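Quick note: the coordinates plus some simple rules give every number you see, no bench work behind them. Since the model is a prediction, treat every value here as computed from it, not as a measurement. Glycine gets a Cβ as well: all are built from the backbone with ideal geometry, and neighbour counts include every protein chain shown.
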Amino acid sequence: MKKLTTLLAATALTSVAALSATAETWDMPLAYSGSNFHSVTAAEFGNCVTTGTGGEIEIVTHPSGSLFKGADIKRAVQTGQAPIGERLLSGHQNENALFGFDSVPFLATSFDDADKLWKAAKEPLSALLAEQNLTLLYSVPWPPQGLYFKNEVNAVADMKGIKFRSYNNATSRLAELTGMLPVTIEAAEISQAFATGVADSMISSGSTGYDRKVWESLNYFYEVDAWLPRNYVFVNSDVWSGVSDQNKNVIQACAGLAEYAGNWRSKEYTGFTLQGLRDGGMTVGPASDQLVGELKEIGVTMTSEWLEAAGDQGKAIVDAFKAD
Ligand code: PCA
C-alpha cells in the first residue's frame, strides 16, 4: 500500500515534471509469447512505468524472443544492448549453479513453498546479479511443472529413448537420469519442434503447453508438481544508476504491483490452462504412484548434485527455506 501511495504521488508529480525532461525509450526483450501471463504482466509493468514517469521513461516490450532470443537476453542487458529484460532465472544455471535453486526437484512444489524459497534466495541471487551489472526488479513463478508426452507413460522405464525438450540444466539432467534424449529448445519454438518430431516430450507448466497449443502434437500431461521455476525482470545497473530517485521510486512501485499481479495470474492460470489442455484433447491427470516414486528417487540424486555444485550459498538457501 505504501508503494502504491508513492506511485500515485510520483505520477502526479512527474506529469508536471515531464514537460521539461527528455523522454527515453527502454526496449524490453521478453522470451515468451505475448499471450503468456508473464508477458502480459511485463506489458502492464511497462505501461505503469511509462505513465508513472510521465513519459520520461517509456518501456516497450518485445515478446517471443523477437528482439533478443531467450538465451541472449541476459547478456544483451548486461552489455547495455538493451536496458531492461525478462528471462527464466534458472536458464543461467550453466553460469552458476545458484541460479538453479528453483529447479531442484521436489524441494518447493507449491506456490506457498516457492514463495518461501524465493524469500530465502532473493538476497544471494540479487547479489550475484549485482556482480554481473544487473539490478533485480521483480520475479514471478511459473505454475508447477509436469510432464508432457505423446504416449502414455506410467514408469520411468516407459521414458527410455524419448526425445525430450529441455529448458535449463536441471531439465537436461532429468532427461539423462530417466534415459531420455535432451534437446534444448526455447518455449517460443516448441510448437514447431513437436510438430516436426525434434522432440516428443517435455517438463513444463500447463501454461506453456496451453500457450503453444501442444495438443496438436502431444497427448498426455502428468501433474508431477516437480518445482516452480521463476522468471525475473532486471535492469542494467549503469542504466539504473542514471535514473532519477523519483523515477526509481515509480519503477520499484510498478515492479511491486507487477510481482503481485504476476503471482496472482500464475495461480489462476494453473487450473485454467490444465482445462485448456483437456479441451484441446489431452489426457490430464496425476502421474502414477510408481512414476512419482521413481521421479522422487531421481530428485534425491539431483538435489545432492545441486547442493554440491551450489556450495555453501546453496546450502544456506535450502536451510533458510526449511527453517521457515
Ligand atoms: N515454461 C517455460 C519455463 C517453465 C515453464 O513453465 C518453458 O517451458 O520454457
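Brief remarks follow.
- Segment 194-208, subset out of contact with any strand residue (DSSP E or B) (no Cβ under 6 Å at 6 or more places or on another chain) and farther than 16 Å from Leu89 by Cβ, residue nearest to the ligand (Cβ to nearest atom): Ser207
- Residue list for segment 77-98, restricted to those being in a helix (DSSP H, G or I) and under 23 Å from Arg173 (Cβ atoms): Leu89, Ser90, Gly91, His92, Ala97, Leu98
- Under the condition of being in a helix (DSSP H, G or I), touching a Phe, Trp or Tyr at 6+ places or on another chain (Cβ under 7 Å) and not small (Gly, Ala, Ser), the residues counted in segment 17-76 number 2.
- Test: Leu128 is at negative phi, within 16 Å of the ligand (Cβ to nearest atom) and not aromatic (Phe, Trp, Tyr): no
- Among the residues of segment 173-188, those identified as within 16 Å of the ligand (Cβ to nearest atom) and in contact (Cβ under 8 Å) with a residue 24 or more places away in the chain are Arg173, Leu174, Glu186, Ala187, Ala188.
- Against the list (1) more than 15 Å from the ligand (Cβ to nearest atom); (2) more than 26 Å from Ser110 (Cβ to Cβ), the condition Lys213 fails is (1).
- Taking the criterion of being among the hydrophobic types (A, V, I, L, M, F, W, C) and more than 16 Å from the ligand (Cβ to nearest atom), the residues of segment 223-247 that qualify are Phe234, Val235, Val239, Trp240, Val243.
- Positions within segment 197-220 being under 20 Å from Glu176 (Cα atoms) and hydrophobic (A, V, I, L, M, F, W, C), in sequence order: Val198, Ala199, Met202, Ile203
- Long-range neighbours under 8 Å by Cβ, at least six apart or interchain, first residue away from the ligand (no atom under 16 Å from the Cβ) within segment 143-162, second in a strand (DSSP E or B) and among the aliphatic types (A, V, I, L, M): Val153/Leu147; Gly161/Leu181; Ile162/Leu181
- The single residue among Val243, Val233, Val198, Val250 that is over 30 Å from Gly80 (Cβ atoms) and β-branched (Val, Ile, Thr) turns out to be Val198.
- Filtered by the rule that a residue be crowded, with 19+ Cβ neighbours inside 10 Å and under 18 Å from Lys160 (Cα atoms), segment 178-219 gives Thr178, Met180, Pro182, Phe194, Ala199, Asp200, Ser201, Met202, Ile203, Leu218.
- Residue match in segment 97-112 (condition: of a type outside the set (S, T, N, Q), over 18 Å from the mean Cα position of the chain (by Cα) and away from the ligand (no atom under 16 Å from the Cβ)): no
- Among the residues of segment 216-249, those identified as over 23 Å from Ala108 (Cα atoms) and not polar (S, T, N, Q) are Glu216, Leu218, Tyr220, Phe234, Val235, Asp238, Val239, Trp240, Gly242, Val243, Asp245, Lys248.
- Helices (runs of 4 or more DSSP H) lying entirely in segment 232-324 (those with 3 or more residues that are surrounded by 20 or more Cβ atoms within 10 Å (Cβ to Cβ)): 245-279, 289-323
- Odd one out for Ala120 among (1) more than 27 Å from Trp26 (Cβ to Cβ); (2) surrounded by 16 or more Cβ atoms within 10 Å (Cβ to Cβ); (3) within 16 Å of the ligand (Cβ to nearest atom): (3)
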